[in-house]
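Following: one structure in structure tokens, then a few remarks.
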Amino acid sequence: MSTATPEVESGAFKFSDFVKSGVDARTGTYSTTISLAGWRANNGCGPHIPLALSFNCFQALDIGWGAGWSLSLSSYDQKTHRLTLASGISYRVHRVGGKVVVKDKKLENTRLPLRGDRLIVSHKDGMVEELSRPDETHDEWLPERVYSNEGRWVSLAYTLVGGRLVLREV
């Protein structure tokens, strides 16, 4: 009688690489982020569009993912002066002339010039996000174009759902 080991391997336990969660020790709030399949646009030449589904316990609005859940895209809320990057980092910013000034940023990992009615978020890795708003009545600015460091770009389009703009197509 033989005790053969199964020849089947599974990657099911590697799923934890795609989920980041925890409790903020300072505030006691829980947050989690689930990385979705990002992709490289323009036949793999870029830019890389990383997508993630994030939970924020302070976000009660349900825009299709459940209360508190949303896609992690960079955004700027001009009413609250809050710039949130797709990575989850959030800054309080002030508009001064033709640029946006971040007072509490410790590292020089982004530049934030204003070009007309567009906020340009230039990342240290060369990726550039062009944030805009659909019209003067909206306070939320979202990525309209994302550029790779080689200059290739992809457009993002949104639709209004429950009073919020949500990603419709890339």
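On the accessible surface of the chain, probed at 1.4 Å, how many percent belong to carbon and sulfur atoms?
Values: 5970 of 11260 Å².
Answer for the chain: carbon and sulfur cover 53 percent of the accessible area.
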- Quickly work out the N149-to-N43 label distance, labels modelled 7 Å from Cα along the C-beta direction, and quote it in nm with one decimal. 2.3
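For the chain, what is the convex hull (Cα atoms) projected area averaged across all directions, in square nanometres?
Numbers: hull surface 59.1 nm².
Approximately 14.8 nm², given one-decimal rounding.
What whole-number value in Å² describes the accessible area per residue of the chain for a 1.4 Å probe? If you can, show how the numbers build up before the last one.
Numbers: 11260 Å² over 170 residues.
I get 66 Å² per residue for the chain.
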- Given H placed on each backbone N at 1.01 Å, which residues far from R145 in sequence or on other chains put an amide H within less than 5 Å of it? E130, L156
- Task: Determine ³J(HN,Hα), in whole Hz, for all residues of segment 23-34 in sequence, where each value follows from phi through the Karplus function 6.51 cos²θ - 1.76 cosθ + 1.60 and θ = phi - 60°; x replaces Gly and Pro.
- Result: 10, 6, 5, 6, 10, x, 8, 9, 9, 8, 9, 10
- Please list, in chain and number order, the residues 5+ apart from G46 or on another chain whose amide H is under 5 Å from its amide H, with Hs placed from the backbone. A41
- Message: Using the Cα centre of segment 90-159 as origin and beta-carbon charges of +1 (Lys, Arg) and -1 (Asp, Glu), tell me which of L142, V101, S155 is placed farthest towards the positive end of the dipole.
- Response: V101
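The values are calculated or read from the model by the stated rules, or taken from the named source; none is laboratory data. Since the structure is predicted, the reported quantities are computational estimates derived from the model, not experimental observations. Cβ sites come from the backbone with ideal geometry, for glycine too, and all protein chains shown count toward neighbours. Note: areas computed on protein heavy atoms with side chains; ligands, DNA, RNA excluded. Shrake-Rupley method; radii C 1.70, N 1.55, O 1.52, S 1.80 Å.
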